[in-house]
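First the structure, in the form of structure tokens, and then the observations on it.
Any read-out appearing in this document is the output of simple, stated calculations on the displayed coordinates, not a laboratory observation. Here the structure is a predicted model, which is why all the values come from computation and not from measurement. Cβ atoms come from the backbone with ideal geometry, glycine included; neighbour counts cover every protein chain shown.
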Amino acid sequence: MQIPIAQERESLQFKSLLRLWEVEIKKRLAPLFANPESGRILSELLSPSSFIADLANEIASQELDQTIFAEQLWTAIMKTPLQTSLFNTILSYLHEIEENSKIHYILLESNKKRLTKFRLILENLDNFLKYVITDIVLDFLDTIEIYRDYVKGIRDEFKDRSEELNNELSRQEMNCMLLRTIPLVSPLAMFDFLMGVFNCGNEAIALVNKLVPGFERQWAQHDAERENPRGTIFYVSIDRSAADLFYNSRDTLRRINLNWEDLPTENTLSRRLLHSLKTHMHQESPIILREYQRELCTQALRGENVIITAPTGSGKTIVAAFIIKSHLDVCASTGKHAKVASACGDDNVPLRELIAAKDVLVATPQLIVNLLNDTLDPRRKFELDEFTMIIFDECHKTDKKDPYNMLMRFYHKAKTTGSYKWYPQIIGLTASLGVGKGSKNDVAALQHIVEICANLDCKEISLVQKNKEELKKFSPVTPDGKIFLSNFFYFNGKFSDLKFVPNPPSGNRFDYITTTAELMRVIEEKIIKDLRDHNVPIAERQQNPSSPDLMLLEMEEGLRAPAKCITQPPSNKLDCEYQNWISEHKNRIVPETSLPSDDMKLRVMEGFKCLDYCFRSVDVHNNLTSDAAFRYLDSRMTKMLAEITPEMGQIWSAFRVRLNEKKCNTNPMVDALIEELTKQHYEKSDFRAITFVKTRRNAMLLAKLLNEKAELAALGIQSEFIAGLNRSTASSDDSDDDTTVNRNEQQEKLARFKDGQTKVLVATSVAEEGLDIAKCNLVIKYNYATNEIAHVQRRGRGRAEGSKCILITYNLKLKEQEDKNVLKERLMNRALNYVQNDKRDLETRVIKQLEELNEGIRIEDELTREKIAKFADKNDNYQILCKKCNGLLTTSKYIRIHCKAQYVVAEPEFWKRIRSEGMTLAEQENAKFHLIGKIFCKSENCGECVGRIIIVKSINMPILTAEMLIISDPNGVKRTVKKWKEVTKKYFVPEDLRTVDLKLMQEASFYPEIQSARPDRPEASVGGFRAQDS
């Protein structure tokens, strides 16, 4: 049947109008890749009705992204046989997915202009795209006042996309922006636009003359009218006379020419077009929510403080993004400047400047806390009312002294005193609130949840209630299967299994571990003989009953009270009691004991350090292989050779040969892991597996071990490890250079895991939260289990259908811990169900808890003031000594506190007592705050790392690590500490760091000229001092 010419022309106009907004519309199609059901309206244009879902599955199977999906969907839509319905259907879709959609309004209003000369563009779009030279048109339009804002907006887009402009497609996109904007600025703007096109060359002149015969004559009339306008409104003050207006100059008056300009209202098409340029609307993508995600947003969109809890994989990040965007839009519409902080990332950034420059900020809570505590410049005091919204990711951490809770402490104090005109809206996100330590019943679990709510000032918890079935579709619940232990029976259940493997002492593995135990006994005897030769008393140790699992290496919760003097070692060198004995003596007893000489102390400390390495190598042996254990111990002892005594060197040399002969490359747990990975490969070759381990050292070693296995290599199964970026303690056992990765390397590893180059990711707890790999279908907890929150988080890393979560262990206590985690998860769910069924009771409980919380803060602040006054009255000066050698580092008189978090030395002579060393780029990127160097004790035969160098106001300042120090009181009594907060509780409270302190340290003769090695700063001058350093 012949299509009427008028209808054909109208379809062409509609199609051209859509083409002018093609880039923006495709961005609004892209979210359908993850959520095809939201495109129900568009399905009317396509065949079959499942076209969108089918296309999304096809694109996903090819591992392509949503951009390709949107491109192909757009092509299919534009080819629809239902051309007469095309425009209105797309308008309906845009209106449905985006409330107050700007593009929907502009398209609707632009459509009304089809009966004006704008139709010339719509009916000849290809020719205009071909002949228009955007720069020439803009240069011409810039000479006419009413277009200058529009010209600036379009040119800003050119500037933003300058790298793409060599691409013909990108130039066409910019031409589209010109074509859809300028002709609609005012009723006669088409003449000015066509005159700009007229200047683009002979072909363009021919096109314009064809469309508008006698164009030059018509435009001349139009231009003359602009010089002598009719229909002009002048704005004048109410007290100015009409005669004055007619007979005197009107050049200073604001005027509107009704022929060319709109009246100043917000809803005119020209103003909407100008706003679309200023807000870079072409770059926006809508956030399409599923129904359960909309449900989760409800309270937050009303402006209420709320905790949003939903399973891993449910899209909490999308929910947060939607809440942020809505918040920004609401603030913009009311004229309020919005500022959103998301407390979840970690980076070394000039935070104050970023906050001033950005609307949305991602930062660690500690960085914001430091800024709130910064006392160096009282004139620039930072307050939380800088933000209009704060989002706490993984908000279950808002407890006790966690940085999240310390940040909220400022909020509560401000709210109690009424310090702010407004308070930021608080949004918490988590997959699991947990039940708290020691909770064994519903009452305790409920109280824990109430405390978290009070800490975040949230009287509501948002859970999916109405759309549970939809939630299950996108985030299926993975139930925990039964765990069988008897007779080491391996039960391969459907979802979550326990693989319990025996670890009996046999063959070379037994020989290696007994040789290691013998080495430890020899070192013990050397320590004890040295002490007895100098009449140092050694007490008998009261033996605790042996653990049923002698291979248990997990530390018990909390340490027993330290012994008052050096004691005999436990007989069982593989038990956690032995590790506690080493730790007590190395970190507390020996440093606090008065020994005959500093040289003896060095020898005794050396012995305990060697025992510590031996015990840690046993951990590697039990988790991995004796070969890996030997390599670990050998590397540690080799690093110590320059410092240890000749006698200790001889002991190690003899045992090194024996251990090297005994090592082997087998372990039943490793075999079980390889079996699971191999089985997974044959079930689904394109699998992904995350294996959780306890330490970064074991993560690195296990990944290396798996890559050395021929059976996995033959199947193309590659492994990599990933661990956290921050390692702040000076004595961290996992501070190996080869375990250090920077942020870029970490992202590259995740990218390789996502695209399948790496099939196995061996991870520490860093991967528990937020890691989202759709194809991950196997989660293995490798001899590692903690609490119910981590239990939920790790299980949730398996995102693919039919995912499994398996614990592989020989440790009975870990099996029992997993049982407890399952019970605690059920306890938590019961408590959450209760608060959802009785929201008023939750609100009542939270209000009461808030009263107790605020009273607790008040009392704590009062006690702190009293303590500071008490220490000031005593005026004791404590010596700060190196734990290893007793060498003097500084005194309490020169310790300053910066941002209530960093304990800085402000004694110029301190630089003479230490040696400095610059940190590598990777170490600086991974470190907290602005660390750029390390400091080492300069005493003879010591060289212990005692702290770091940070940048404060562009000046290098030393900070001391508490656990590497001894605090010696005026009577010579020595005490060790683990953290600085112990110092401030028991001994002294440092003064705040002042600008004068910075200046004195900078002007000291031995000031280290270390610089940052980060790319945005000058390269490091590693370890350099000013001239006098010899």
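Key figures
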item	result
Length gained when the stretch Cys565-Lys639 is fully extended (0.36 nm per residue, less Cα-Cα span)	23.6 nm
Unit charges on C-beta of K, R, D, E only; dipole of segment 5-223, Debye	760 debye
Charge dipole (debye, nearest 20) of segment 1-79; +1 at Cβ of Lys and Arg, -1 at Cβ of Asp and Glu	300 debye
C-alpha center-to-center spacing [segment 1-78, segment 563-588] in angstrom	70 Å
Sites Asp442 and Lys981 - FRET efficiency at Förster radius 30 Å, r taken between beta-carbons, to 0.05	0.35
Residues in segment 307-330 that a label on Val360 would reach, taking backbone N under 17 Å of a point 7 Å out along Cα→Cβ	315-330
Among Leu931, Met957, Gln879 - extreme Cα towards positive end, dipole of segment 876-1003, charges at beta-carbon	Gln879
Order of Lys601, Lys679 under a 10 Å beta carbon neighbour criterion, fewest first	Lys679, Lys601
Sequence of Phe910, Phe1006 once ranked by neighbouring C-beta atoms within 10 Å, starting from the fewest	Phe1006, Phe910
Amide H contacts of Ile806 (H built 1.01 Å from N, under 5 Å, at least 5 apart or other chain)	Asp497, Val779, Ile780, Lys781
Cα pair distances of segment 1-62 binned at 10 Å [whole percent]	19, 36, 31, 13, 1
Förster radius 60 Å - calculated FRET efficiency between Glu1009 and Asp755 (Cβ-Cβ, nearest 0.05)	0.85
Diffusion constant of segment 291-473 at 10 °C, which comes from Stokes-Einstein with the Kirkwood Cα-pair radius and 1.306 mPa s, µm²/s	92 µm²/s
Selection from Gly335, Tyr292, Met408 lying farthest towards where the dipole of segment 291-473 points positive, charges on Cβ	Met408
Qualifying trypsin sites (Lys or Arg not before Pro) for segment 431-471 [loop in DSSP, other Cβ within 10 Å: at most 16]	Lys437, Lys440, Lys466
Simple label model, 7 Å out from Cα along Cβ direction - Thr84 to Lys820, nm	7.3 nm
Among 848-860, 633-645, the order from most to least packed when residues are scored by Cβ within 10 Å on average	633-645, 848-860
Qualifying GluC sites (Glu not before Pro) in segment 1-102, DSSP loop, other Cβ atoms within 10 Å at most 10	Glu99
Cβ-placed point charges (K, R +1; D, E -1), dipole of segment 876-1003 about Cα centre in debye, nearest 20	300 debye
Computed label-point distance, nm, for sites Glu109 and Arg830 using a 7 Å Cα→Cβ extension	5.9 nm
Footprinting exposure proxy for Tyr131, Tyr93 (fewest neighbouring C-beta atoms within 10 Å first)	Tyr131, Tyr93
Sites Glu860 and Thr514, calculated FRET efficiency, Cβ-Cβ separation with R0 60 Å, nearest 0.05	0.70
Links that overshoot a 19 Å alpha carbon limit, given the list Lys325/Lys749; Lys870/Lys981; Lys400/Lys870	Lys325/Lys749; Lys400/Lys870
Full-extension gain in nm, Ala224 to Glu711, via 0.36 nm per residue minus C-alpha separation	166.8 nm
